[in-house]
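The values are calculated or read from the model by the stated rules, or taken from the named source; none is laboratory data. All of these numbers come straight from a predicted model, not from anything done at the bench. Neighbour counts run over all protein chains shown; Cβ positions are idealised from the backbone, glycine included. What goes into the accessible areas is simple: the full protein's heavy atoms, side chains included, and nothing from ligands, DNA or RNA. Shrake-Rupley method; radii C 1.70, N 1.55, O 1.52, S 1.80 Å.
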Amino acid sequence: MLKAILTFDVEEFDVPLEYGQQITMEEQIEVSTRGTLLLKALLDKHQVKSTIFCTGQYALSQPELMKTLAEKHEIASHGMYHSSFDAKIDLPASKKLLSQITGQSVEGFRMARMMPVENQDIADAGYVYNASLNPTFLPGRYNHLDKPKLPFVQDRLWQIPATVTPNLRFPMFWLSFKNLPFSVYKMFSNSALNRYGIINLYFHPWEFTDLSAYTTIPAYVRKHSDRVLLQRLDDYITWLKAKGVTFITMKEYVEELKLKK
């Protein structure tokens, strides 16, 4: 059975700050919320569940929305804040906070921008899996060409890598989804599904909003945002379902891996 894990990093929209454009926290939350509501409606339409990696700061600002999302989706931690991180404080604090708000047991963690975190710190905070690995090479970001492309256990944690193509390790993350021709992305998806039997993809809600006002953000980030990207994801989910792909959460995937081990 072919499977797909759709994950969304629900966070403060701080991308403009990376490129020198000031944006208030209120606006950061508003942009992310706008995108999250659009995605919620799309996932509801297709009756598809997902895994939502949420920062504590965002959850505190939108507790009712997070409670609603938790009714159908897995909630996992994205740290306390998207722009700063203190492992010893933020890992346990975000886990506890998200669980209190949503009523869910929070088992997964993904570091902001897929940056490195000590496995020991994640495990000590009580997490079961770490989804912070993109096993590819991105100039100026990271080089993980030596890392496994499939899940593995390290330091008491399940490591769940984002999907890359089987041979070239081309990353199938959010930038690829919005910038590649749709036919090429579907070709890469077929290749990954045929080799792995599953694809694990990640996006951000702010991508699905109008980013035209944020002129300092590179064009490859602003491209295909707003309703254009939402329609592409709509078409992609429809295409996957036509292939018989089943959508599962990352927590469910880890449970399957435990049974096979």
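Below are the figures for this structure:
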item	result
Solvent-accessible surface (1.4 angstrom probe) belonging to VAL31, in square angstrom, nearest 10	0 Å²
Where the chain is the region considered: accessible area per residue in Å², 1.4 Å probe	43 Å²
For region 197-204, 3J(HN,Hα) per residue [Karplus equation, 6.51 cos²θ - 1.76 cosθ + 1.60, θ = phi - 60°, Hz, x = Gly/Pro]	x, 7, 10, 10, 10, 9, 9, 10
Counting all C-alpha pairs of the chain, share separated by more than 23 Å (%)	49 percent
Debye equation applied to the C-alpha atoms of region 150-239, log10 I(q)/I(0) at 0.16 Å⁻¹	-0.71
Region 95-166 and region 1-20: distance between their alpha carbon centers, rounded to Å	14 Å
Cα gyration tensor shape of region 1-142, rounded if a/c is under 1.5, else prolate or oblate by comparing a/b with b/c	rounded
Helical contribution to [θ] at 222 nm, DSSP H n ≥ 4, -39,500 (n - 2.57), averaged over the chain, rounded to 500	-13000 deg cm²/dmol
For the chain, the longest site-free run once GluC sites (Glu not before Pro) in DSSP loop states with at most 13 other Cβ atoms within 10 Å are removed	119-261
Summed side-chain charge close to SER225 - residues other than SER225 whose Cβ falls under 10 Å, Lys, Arg +1, Asp, Glu -1	+1
Formal net charge of residues neighbouring THR165 (Cβ-Cβ distance under 14 Å; K, R +1; D, E -1)	+4
Net charge of Cβ neighbours under 12 Å - reference THR209; Lys, Arg +1; Asp, Glu -1	-2
With DNA, RNA and ligands ignored, accessible area of HIS46 (1.4 Å probe; Å², nearest 10)	20 Å²
Dipole magnitude of region 56-199, debye to nearest 20 (Cβ charges: Lys/Arg +1, Asp/Glu -1, about Cα centre)	540 debye
Within a Gaussian network of the chain (alpha carbon springs, distance under 10 Å), most fluctuating of VAL221, VAL48, VAL153	VAL153
For region 76-81, 3J(HN,Hα) per residue [Karplus equation, 6.51 cos²θ - 1.76 cosθ + 1.60, θ = phi - 60°, Hz, x = Gly/Pro]	10, 8, 10, x, 7, 9
√(5λ) per eigenvalue of the Cα gyration tensor, region 207-261, largest first, Å	33, 16, 8
